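Participant: Sharing a structure, written as structure tokens. Questions coming.
The values are calculated or read from the model by the stated rules, or taken from the named source; none is laboratory data. Remember, it's a predicted structure, so these values are computed and weren't measured experimentally. No Cβ is skipped: glycine too gets one built from the backbone with ideal geometry, and neighbour counts run over all protein chains shown.
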Amino acid sequence: MGKLIEGVWSDEWYDTSKTSGRFVRKDSQFRGWVSADGTTRFAPDRDRYHLYVSYACPWAHRALIYRALKGLEDVISVTAVDPYMGSGGWRFSSADDGDPILGKEALWEVYVAADPRYTGRVTVPALWDRSEGTIVNNESSEIIRMLNSEFNSSAKNPTLDLYPESLRPEIDAWNDRIYPNLNNGVYRAGFATTQSAYEEAVGLVFSTLDVLEEHLTRQRYLCGQALTEADIRLFPTLYRFDAVYYGHFKCSVRRLTDYPHLWAYARDIFQQAGVASTCDLGQIKLHYYGSHPTINPTGVVPLGPEIDWLAPVSRERL
């Protein structure tokens with residue numbers, strides 16, 4: 001996994017010795033904002049921004065879905081890192097033309113280009129500004145808000161609003177529940193180094209899935225009939241659940257496919273125009289099973305499970 005310390009790369013796994021075996025995620029550090037109203041130095045100019053992502057990472061997956069749904073493919077360019085993360089962290093694949101912006105070999109070098117004394121984890125997504133020569137933001141929850149509203153002058157789907165004002169309290173409430181207990185909860189289970197920390201995390205994962213299953217018996221999406229930010233933040237976790245979180249992260253109490261309404265809901269989102277193109281289970285499995293030697297020291301990637309994401313679904317009646 002590794003991290004930067006004063007701009008110098010260090011191959012360090014997470015230290016859970018001081019947190020009773022619990023995995024604790026650090027806050028993102030680049031928190032600039034692209035603003036259409038001119039209140040920041042980052043204007044939403046076409047071809048100005050570049051998004052560094054991984055198709056394996058659920059946080060980057062959110063941004064890719066937003067970029068597709070809003071129709072920003074011709075406005076914001078993208079580079080995906082190699083799915084395998086070794087001792088050098090996220091690296092660029094020469095087979096995919098490497099890093100077309102700065103010509104770097106590893107993502108940590110991009111971070112150092114933005115801040116030569118940066119200390120912290122090197123994560124995706126990261127939104128790069130060609131004009132300023134820096135990372136604007138590496139917090140996925142904020143990047144998707146910018147993609148939702150600040151690039152509408154160039155978006156193909158400017159009227160799509162995944163964070164409508166009337167639903168914001170409800171969306172925020174779901175985010176506040178799902179992020180710690182499920183989005184990050186699967187990591188808290190998988191990266192736990194004590195039995196108690198693991199069981200604590202897994203309990204919250206499945207109590208949250210149970211609540212979602214019951215809620216989705218009554219309505220198509222989390223906030224009613226309209227797809228919102230809350231759904232897009234939840235979907236990447238559901239998409240990875242049976243393939244990696246169930247086995248690799250030991251979240252094995254139940255599978256997503258054991259929840260009939262939640263499973264249908266996840267397929268409903270997958271089958272939305274543009275979403276499937278952001279999904280790559282091959283890269284996802286290669287990353288998780290191949291890049292976490294403390295969990296899977298052999299690096300063997302399982303062939304299964306067989307999951308039919310194109311199975312028919314009809315939730316419009318809800």
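Participant: Take Ala226 and tell me if it is assigned to a loop (DSSP other than H, G, I, E, B), among the small types (Gly, Ala, Ser), farther than 25 Å from Ser291 by Cβ and in contact (Cβ under 8 Å) with a residue 24 or more places away in the chain.
Facilitator: yes
Participant: Is one or more of the residues making up region 57-80 surrounded by fewer than 16 Cβ atoms within 10 Å (Cβ to Cβ) and in a loop (DSSP other than H, G, I, E, B)?
Facilitator: Yes, some residue in region 57-80 is surrounded by fewer than 16 Cβ atoms within 10 Å (Cβ to Cβ) and in a loop (DSSP other than H, G, I, E, B).
Participant: Among the residues of region 164-177, write down those that are within 14 Å of Gly224 (Cβ to Cβ) and touching an Asp or Glu at 6+ places or on another chain (Cβ under 8 Å).
Facilitator: Matches in region 164-177: Ile171 only.
Participant: Any residue that is assigned to a helix (DSSP H, G or I), over 18 Å from the mean Cα position of the chain (by Cα) and of a type in the set (Asp, Glu) - is there at least one of those in region 247-268?
Facilitator: yes
Participant: Which numbered condition in (1) buried (at least 19 other Cβ atoms within 10 Å of the Cβ); (2) out of contact with any helix residue (DSSP H, G or I) (no Cβ under 9 Å at 6 or more places or on another chain); (3) small (Gly, Ala, Ser); (4) within 24 Å of Val24 (Cα to Cα) is the only one that Ser87 fails?
Facilitator: Going through (1) buried (at least 19 other Cβ atoms within 10 Å of the Cβ); (2) out of contact with any helix residue (DSSP H, G or I) (no Cβ under 9 Å at 6 or more places or on another chain); (3) small (Gly, Ala, Ser); (4) within 24 Å of Val24 (Cα to Cα) one by one, Ser87 breaks only (1).
Participant: Further question: Looking at region 164-183, I want the residues that are farther than 11 Å from Cys223 by Cα and have a partner that is surrounded by 15 or more Cβ atoms within 10 Å (Cβ to Cβ) and of a type in the set (D, E, K, R) with Cβ atoms under 8 Å, at least 6 apart or on another chain. Which pairs are those?
Facilitator: Cβ pairs passing all conditions: Asn175/Glu229; Asn175/Arg233; Ile178/Arg233; Tyr179/Arg233; Asn183/Arg233.
Participant: Then there is this: So which residues in region 140-170 are buried (at least 20 other Cβ atoms within 10 Å of the Cβ) and within 21 Å of the chain's Cα centre (by Cα), if there are any at all?
Facilitator: Ser140, Ile143, Ile144, Met146, Leu147, Asn148, Phe151, Leu162
Participant: Can you find even one residue in region 92-100 that is charged (D, E, K, R), outside any helix (DSSP H, G or I) and either within 20 Å of Leu160 (Cα to Cα) or not assigned by TED's automatic domain parsing to the domain that holds Ala273 (or both)?
Facilitator: There is at least one residue in region 92-100 that is charged (D, E, K, R), outside any helix (DSSP H, G or I) and either within 20 Å of Leu160 (Cα to Cα) or not assigned by TED's automatic domain parsing to the domain that holds Ala273 (or both).
Participant: A further question on this structure: Condition (residue is in a loop (DSSP other than H, G, I, E, B), within 30 Å of Phe249 (Cα to Cα), under 17 Å from the mean Cα position of the chain (by Cα) and among the polar types (S, T, N, Q)) applied to region 2-18: is it met by at least one residue?
Facilitator: There is no residue in region 2-18 that is in a loop (DSSP other than H, G, I, E, B), within 30 Å of Phe249 (Cα to Cα), under 17 Å from the mean Cα position of the chain (by Cα) and among the polar types (S, T, N, Q).
Participant: Hey, another quick one. Identify all residues within region 26-70 that are on the phi > 0 side of the Ramachandran plot and in contact (Cβ under 8 Å) with a residue 24 or more places away in the chain; write none if there are none.
Facilitator: Asp47
Participant: Follow-up. Among the residues of region 287-316 satisfying the criterion of being assigned to a helix (DSSP H, G or I) and more than 20 Å from Leu256 (Cα to Cα), which is nearest to the chain's Cα centre (by Cα)?
Facilitator: His287
Participant: In this structure, is Ala60 farther than 27 Å from Ser131 by Cα, at pLDDT 95 or above and among the small types (Gly, Ala, Ser)?
Facilitator: Taking the combined requirement at face value, the residue does not satisfy it.
Participant: Residues to consider are Thr208, Thr159, Thr123; find the one that is in a loop (DSSP other than H, G, I, E, B) and free of Cβ contacts under 8 Å to residues at least 40 places away in the same chain.
Facilitator: Of the residues listed, the single one that is in a loop (DSSP other than H, G, I, E, B) and free of Cβ contacts under 8 Å to residues at least 40 places away in the same chain is Thr159.
Participant: Okay, moving on. I need the full set of residues from region 242-266 which are surrounded by 21 or more Cβ atoms within 10 Å (Cβ to Cβ) and under 28 Å from Pro164 (Cα atoms), in order please.
Facilitator: Leu262, Trp263, Tyr265, Ala266
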